[in-house]
Amino acid sequence: MRYIRIFLLNFQYVFERRAVSMVWFLVSIFNPLLLLLYWRGVLHDTSMEGWTLSSISSYYFLLVIAGSMLMSHIEDGVANEDIEQGNLVRYLIKPFSYYWISFFAEIPYRLLQGSFGIIVFAILLIFFENFITITNDPVLLALTAGAAVLAFFLSFTYKMVLGMSAFWLVDSGGFFQMMEIIVIVFAGFILPLDLMPPGFEKVAQMLPFAYIVYYPVTLLQGKLALPEALMVLGMQCFWIVIFSVIYKIVWNTGIKRFTGMGQ
Amino acid sequence: MKRYFSIYLQFIKLSFSELAAFRSNFYNSVFAHLVWAAFTFLTMFLLTSKTKTVLGWSREELFLLTAVFNAVIGLFRCMFTKNMDTFIRKINYGQLDQNLLKPVDAQFWVSLRYVNLGALPRIPVALGVAAYILHLLHISPNIVTLLVFGFLLACGMVILYSVWFLVMTNIIWFTNLMNLEEFLNVITGSTRYPREIFENSVVFLALLFFPLTLVVTVPTKYLLGKSSPFEIVMIIAFSIGLLICSRLYWKFALRYYTSASG
């Protein structure tokens, strides 16, 4: 119940600053739509590795929702505000888990930006109905919903671990930017994984980032069969466990180094 | 003009002093800029891995476009980005008074006070890559071509600055939009793609982004010998027009500025 209260308070705060969230949403959708224009120039009447203009348009349109709803951006708040500025102290003296407080504080941002994404997607559906392909298999749709929930958990846990690198790094900005580039490349934000060179595709499949955005989107498009869909969910659970263990270790060792001056 | 030039030299000296005092920040900044430069080349590599031509641009020409983009962005980040970030804070905390009361043009001060020397290494790296690609394409520009190329790059920079300043001036009314700079960063990223991608889009988008599509594409096409007189006239016209617009809009917006002490 108390975490619901935390969620509601944060939702109130986020909704009050919805214009800021709108700008963040525009930041997240601009690149997929720009890349779609690029692919329109490449694929106007051809196909490539099974991707037609219709399927790739669908991919980037769905990427708009997936990017805004599933990708957490908590690492800056954890690193800069909580650890570097010492605000973590107020969480340490509360009878709440820092992970779960941050989780319920992050959800309102994802919900608000996800709702912007759904509105934009609905508008795109009206004007570009022929370019959007979504599976109508109820089993795959249910698995997609499950994959989306797991993807958010995976993204959030990974970003929490990333944010807590600030326990050791004096200036984590450069490190975060490098990790952001790795995520952008291997999560499928630039292009679908099977359009990448073979080496890149193999690396992307070994890393967890594709399971945050790429696989939920292709699952919704119906590009994955049932066994592959179950494998995606399995891999998401695997990576969530891995990052949860890393989080525990990083938290337990990092908190011993933490000092909150003047708090 | 001479006075403003000497003031700008002082700004550079002060920025260099700051660099010497906080060297780790400088190294971080250089690292971040070079990583993002590598990312732009990686993006183009991935996008062209399965197709060798896109909308009349060969793969090498697209890499040249990316190199010129990095040179433009390196210079832009060096001269303006840190100032735009500071501008937001000045408006929010009502500190613009300090600039308005000085006997120096406020737009000049706000736009050019800080020089981010950490972005400088990106420029020679980008120009080096551009020179290598020109060598691969068997293109040897003469001194006149290079001077005109430099002039067109400067026009592109003016367009980019004017668009940024026009948008950022709105912070005077919408003080809570502190992430507007991030939005502009993403918009600026569109200049690394050929402007032909917008010709296939809806008319509204094509017109809205038309000035930005000229920033990098026109100088690159000029180097390749593919630019049209129309594009060259357009980049010069837009650079002058948008600069005048940014100036007029700034003057208009200042009437609505309220400081923290006011």
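The values are calculated or read from the model by the stated rules, or taken from the named source; none is laboratory data. Predicted model only: the values in this text are computed from it and were never measured. Glycine also receives a Cβ, built like all others from the backbone with ideal geometry; neighbour counts cover every protein chain displayed. These area figures cover heavy atoms from the full protein model, side chains too; ligands, DNA and RNA do not enter into them. Shrake-Rupley method; radii C 1.70, N 1.55, O 1.52, S 1.80 Å.
Odds and ends about this structure:
- Using distinct alpha-carbon pairs, which all enter the 1/r mean, Kirkwood radius of chain B in Å: 19.6 Å
- Against the main long axis of the alpha-carbon atoms of chain B, helix B:23-47 sits at an angle near 40°.
- Solvent accessible area, Å² - B:Arg247, 1.4 Å probe, full protein context: 80 Å²
- Among A:Val203, A:Val245, the sequence by solvent-accessible area, most first, with a 1.4 Å probe is A:Val245, A:Val203.
- Per residue of A:33-40, other chain Cβ atoms within 10 Å of the residue Cβ number 6 on average.
- Cβ charges +1 (Lys, Arg) and -1 (Asp, Glu), total dipole of chain B, debye: 440 debye
- The stretch B:172-253: chymotrypsin sites (Phe, Trp or Tyr not before Pro) falling in loop per DSSP and having at most 15 other Cβ within 10 Å: B:Trp173, B:Phe174
- Within 10 Å of the Cβ of each residue in B:25-31, the mean number of Cβ atoms contributed by other protein chains is 3.
- Net charge over other residues, Cβ less than 14 angstrom from the Cβ of B:Leu62 (K, R count +1; D, E count -1): +4
- When only the Cβ of Lys, Arg, Asp and Glu is charged (+1, +1, -1, -1), the dipole of chain A relative to its Cα centre reaches about 820 debye.
- Charge sum, other residues only, whose C-beta stays under 14 Å from B:Ser227's C-beta, Lys/Arg counted +1 and Asp/Glu -1: 0
- Those lysines that a straight Cα-Cα span of less than 25 Å connects to B:Lys2, excepting residues fewer than 8 apart in one chain: B:Lys13, B:Lys82, B:Lys102, B:Lys251
- In the assembled protein chains, A:Glu129 presents an accessible area of approximately 130 Å² (probe radius 1.4 Å).
- Each listed q (0.16 Å⁻¹) maps to a log10 I(q)/I(0) for chain A, found by the Debye formula over equal Cα scatterers with no solvent: -1.29.
- Accessible area in the full protein assembly, largest first, 1.4 Å probe, for B:Lys226, B:Lys90, A:Lys256: A:Lys256, B:Lys226, B:Lys90
- Shielding value for A:171-181 is 4, the average number of Cβ atoms from other chains within 10 Å of each residue's Cβ.
- Positive-end residue, the protein assembly as shown charge dipole about Cα centroid, Cβ charges, pick of A:Phe7, A:Ala187, A:Phe61: A:Phe7
- The B-A contact accounts for roughly 3200 square angstrom of buried accessible surface, both chains included, probe 1.4 angstrom.
- Extension gain for A:Ala19-A:Arg2 works out to 3.4 nm (0.36 nm per residue, less the C-alpha to C-alpha distance).
- Exposure check, 1.4 Å probe, all protein chains in place: A:Ile6 carries approximately 30 Å² of accessible surface.
- At 0.692 mPa s and 37 °C, Stokes D of the stretch A:37-113 from Kirkwood alpha-carbon radius, µm² per second: 210 µm²/s
- At 0.890 mPa s and 25 °C, Stokes diffusion of the stretch A:106-253 via Kirkwood alpha-carbon radius, µm² per second: 146 µm²/s
- Model label sites at B:Asn142 and B:Phe108, defined 7 Å from Cα along the beta-carbon direction, differ in position by 3.8 nm.
- Selection from B:Ser239, A:Pro216, B:Phe209 lying farthest towards where the dipole of the protein assembly as shown points positive, charges on Cβ: B:Ser239
- Helix A:53-70 axis versus longest C-alpha principal axis of chain A: approximately 10°, rounded to the nearest ten.
- Averaging the sequence gap over all C-alpha pairs within less than 8 Å and six or more residues apart, then dividing by the number of residues, gives the stretch A:33-138 a relative contact order of 38 percent.
- Kirkwood radius for the stretch B:106-262, taken over all pairs of different Cα atoms as the inverse mean of 1/r, rounds to 17.6 Å.
- Dipole magnitude (debye, nearest 20) for the protein assembly as shown, charges at Cβ of Lys, Arg, Asp, Glu: 1280 debye
- In summary, the lysines within cross-link reach of A:Lys256, defined as a Cα separation below 30 angstrom excluding same-chain residues under 8 places away, comprise A:Lys94, A:Lys159, A:Lys248.
- Hydrodynamic radius by Kirkwood, which averages 1/r over all alpha carbon pairs of the protein assembly as shown, in angstrom: 25.0 Å
- Förster radius 56 Å - calculated FRET efficiency between A:Glu201 and B:Leu100 (Cβ-Cβ, nearest 0.05): 0.50
- Nearest 10 degrees, 0 to 90: helix B:143-168 Cα axis against chain B principal axis: 50 degrees
- Solvent-accessible surface ranking, highest first, for A:Tyr247, B:Tyr27 at 1.4 angstrom: B:Tyr27, A:Tyr247
- Net charge of Cβ neighbours under 14 Å - reference B:Asn185; Lys, Arg +1; Asp, Glu -1: -1
- Taking every alpha-carbon pair in the stretch A:37-169 and binning the separations at 5 Å intervals from zero gives 2, 9, 14, 16, 15, 12, 10, 8, 6, 4, 2, 0, 0 percent.
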